[in-house]
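Q: Handing you this structure, nothing more for now.
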Ligand code: FDP
């Protein structure tokens, strides 16, 4: 039986191992609160909005505070950026790592007792000895030294990559430790399952409509095969399913809200999930280029996302190319 601490001691540098253990400690507190549910007084709205203009749930705020407090006490952490905070939070000038996180992904699932999770990304801090600033966080996803998620489902699990494959751990409530259950998670290049919020169909670009039309036509269309659709409304759960049994996940460019290039956040959701998916053998794109090659312009940037089974992801990108679509949704 390999625990998370054992694994990190032999697979990660001490600063990274320490930061990952800190994240795990915070996740266990969040998991405990979730398992108490309404009895812990965590349901309902917090009464505020985040920088994205989204209504914050009580647990968004609680999870954010828990992660923030534990991370800023870790001497290796130079700064933290959270989906729920307008600005970065400073930790230790001598730290060597920066952490970004979505404390509670899938917030709309909290009050209905469905799956939610915490997504994190760890970046190198290149100016150790100086106080970190937002610019230090604006690194491409390809610079991540680690990324992962804690999923609070019927059981609590952890999946992460340190850049050499993907590993998965399951939380053992008896010993209060994460235990390794898969040391080489891989996903298939092909699939017969997709995840998308199809109610946005009328706002999509032509190539995305065409792609979904093909899948919906199933064995009566050019695909000659039936597809199944699943949508949990928590990226973490949809991506976890893809890691477990394959599939393709999409939150594409849409014209629903002018000026918003997709719904998902590059630094808190798209980059960490892309790192995991690529390390498991899949692919990830904004439908035009590789997500992890995007240089962020600000910490709360949004991006269209298509990730999972390599063949499907490449096919979607090819359709966009064929239609001459650029990353901002305009035509060439
Ligand atoms: P949420 O805002 O509820 O935290 O982060 C965005 C996200 O969840 C994703 O996890 C999820 O895939 C998506 O929003 C769901 O969006 P829709 O409600 O538009 O389906």
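Computed from the coordinates by the stated procedures, all read-outs in this text should not be read as laboratory data. All figures in this text were calculated on a predicted structure; none of them were measured in a lab. Here Cβ is always computed from backbone atoms with ideal geometry, including for glycine, and neighbour counts include all displayed protein chains.
Q: The chain: Rg/Rh from Cα coordinates, Kirkwood Rh?
A: Ratio of gyration radius to Kirkwood radius for the chain: 0.96.
Q: Rounded to the nearest Å, what's the spacing between the alpha carbon centres of the stretch 265-282 and the stretch 93-161? Just the number, please.
A: Spelled out, the Cα-based centre of one part sits 11 Å from the other.
Q: Residues of the stretch 245-288 with backbone nitrogen within less than 12 Å of a virtual label 7 Å along the Cα-to-Cβ line of residue 209, please, listed as ranges.
A: 255
Q: How much space per residue, in cubic angstrom, does the convex hull of the C-alpha atoms of the stretch 169-228 take up?
A: Spread over its residues, the Cα hull of the stretch 169-228 gives 154 Å³ apiece.
Q: State, to one decimal in nm, how far the label point of residue 130 lies from the label point of residue 180, with both points 7 Å from Cα in the Cβ direction.
A: In this crude label model, residue 130 to residue 180 measures out at 3.9 nm.
Q: Also: At a 10 angstrom cut-off on C-beta neighbours, averaged per residue, how do the peptides 70-79, 12-21 rank from highest to lowest?
A: 70-79, 12-21
Q: Between the helical axis of 14-36 and the dominant principal axis of the chain, each derived from Cα atoms, what acute angle in degrees is found, rounded to the nearest 10?
A: Roughly 80 degrees between the two axes.
Q: Turning to a different aspect of this structure: Work out, in µm²/s and without decimals, the Stokes-Einstein translational diffusion coefficient of the stretch 207-332 at 20 °C, 1.002 mPa s, Rh from Kirkwood over C-alpha pairs.
A: 144
Q: If each DSSP helix of 4+ residues adds -39,500 (n - 2.57) and the sum is divided by the residues in the chain, what number results at 222 nm, nearest 500 deg cm²/dmol?
A: Helix contribution divided over all residues of the chain: -9000 deg cm²/dmol.
Q: Please report the equivalent ellipsoid semi-axes of the stretch 86-132, computed as sqrt(5 x eigenvalue) of the Cα gyration tensor, largest first, in whole Å.
A: In descending order the semi-axes read 31, 10, 6 Å.
Q: Share of antiparallel DSSP beta bridges in the stretch 193-323, in percent to the nearest 5?
A: Among the beta bridges of the stretch 193-323, antiparallel pairing accounts for roughly 75 percent.
Q: May I ask you to sort 157, 229 by Cβ crowding, counting other Cβ atoms within 10 Å and putting the fewest first?
A: 229, 157
Q: Taking the 0 to 90 degree range and rounding to the nearest ten, how far is the long axis of helix 206-217 tilted relative to the main principal axis of the chain, both from C-alpha atoms?
A: With rounding to tens, the tilt is 80 degrees.
Q: For the stretch 287-312 and the stretch 173-198, what is the separation of their C-alpha centers, rounded to whole Å?
A: Their Cα centres are 20 Å away from one another.
Q: Could you calculate the FRET efficiency of residue 233 with residue 260 from 1/(1 + (r/R0)^6), where r is the beta carbon distance between them and R0 is 25 Å, rounded to 0.05?
A: For R0 = 25 Å, the calculated efficiency reads 0.90.
Q: Can you tell me the length gained on complete extension of the stretch residue 188 to residue 111, counting 0.36 nm per residue apart and subtracting the Cα distance?
A: My answer for the length gained is 24.4 nm.
Q: With angles folded into 0 to 90 degrees, how steeply does helix 310-322 sit against the dominant principal axis of the chain? Use alpha carbons for both and round to 10.
A: 60
Q: P(r) of the stretch 1-130 in 10 Å steps, Cα pairs, percent per bin?
A: Per 10 Å bin, starting at 0, the Cα pair percentages come out as 12, 41, 32, 14, 1.
Q: Let me test this: with uniform point scatterers at the alpha carbons of the stretch 1-61, what is the Debye-based log₁₀ I(q)/I(0) at q = 0.14, 0.16, 0.20, 0.30 1/Å?
A: -0.60, -0.69, -0.80, -1.13
Q: Mind listing P(r) for the stretch 132-250? All alpha-carbon pairs, 10 Å bins, whole percents.
A: 11, 31, 29, 23, 5, 0
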